[in-house]
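The values are calculated or read from the model by the stated rules, or taken from the named source; none is laboratory data. A quick note: this is a predicted structure, and the numbers were derived from the prediction, not measured. Cβ: placed from backbone, ideal geometry, glycine included. Neighbour counts: every protein chain shown.
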Amino acid sequence: MMQGALEPSTEMVPRLMRLSVGTDSARADLARLAGERMLEGTTRLARGVAGLAAAEERGENAAMSIALQEARHGLGIIESAISARAALDTSVAPAEVADAWLRSELGLPVPVSAQASPPLSSFHLALMTILLLFFASMVVIHYRRMRAIEALLAAPSAAASGTTSARAET
């Protein structure tokens, strides 16, 4: 019986995932649900803290563990209500808020694509331009060296073929 009371309710996450940005009635319903969850979470948190204090006085470790779980569950409910309110207050899509909350609850990292990339500074752009120019000049220098080497290799073979033909005439 106590295990069922401690399992987190996931009703908030699917509602946030399905909530479209422009639906006023769904937003009002979600705001009401967030208020109810906030009240439920604070009640569970208070009950867990009171149970923890009572169990500590009696010295019952098992009861302290159960009371601590109740307090943690209350905090989880409060966090989900706060996330729902944040989804309603900000311009961020509710589905993204729900995804971020669910990932934090499961201990999963935020995907790299969801993280905001910092803007490029002028130093970064200048450095990239300098490196690009350096790369281009190295390619030009390499091309000219290869042409010079080909010319040097071709010159002795032409001279050698010219001397052999001159010896053959004499």
From the list Ala55, Ala67, which one is touching a Gly at 6+ places or on another chain (Cβ under 8 Å), at negative phi and not charged (D, E, K, R)?
-> Ala67
Being closer than 17 Å to Glu105 by Cα and among the charged types (D, E, K, R) is the filter here, so list the residues in the range 48-84 that pass it.
-> Glu70, Arg72, Glu79
Residue ID - surrounded by the most Cβ atoms within 10 Å (Cβ to Cβ), chosen from residues in the range 43-86 that are modelled with pLDDT under 90 and among the β-branched types (Val, Ile, Thr) = Ile77
Scope the range 154-170; condition surrounded by 10 or more Cβ atoms within 10 Å (Cβ to Cβ) and either at pLDDT 80 or above or acidic (Asp, Glu) (or both); matching residues = Ala154, Ala155
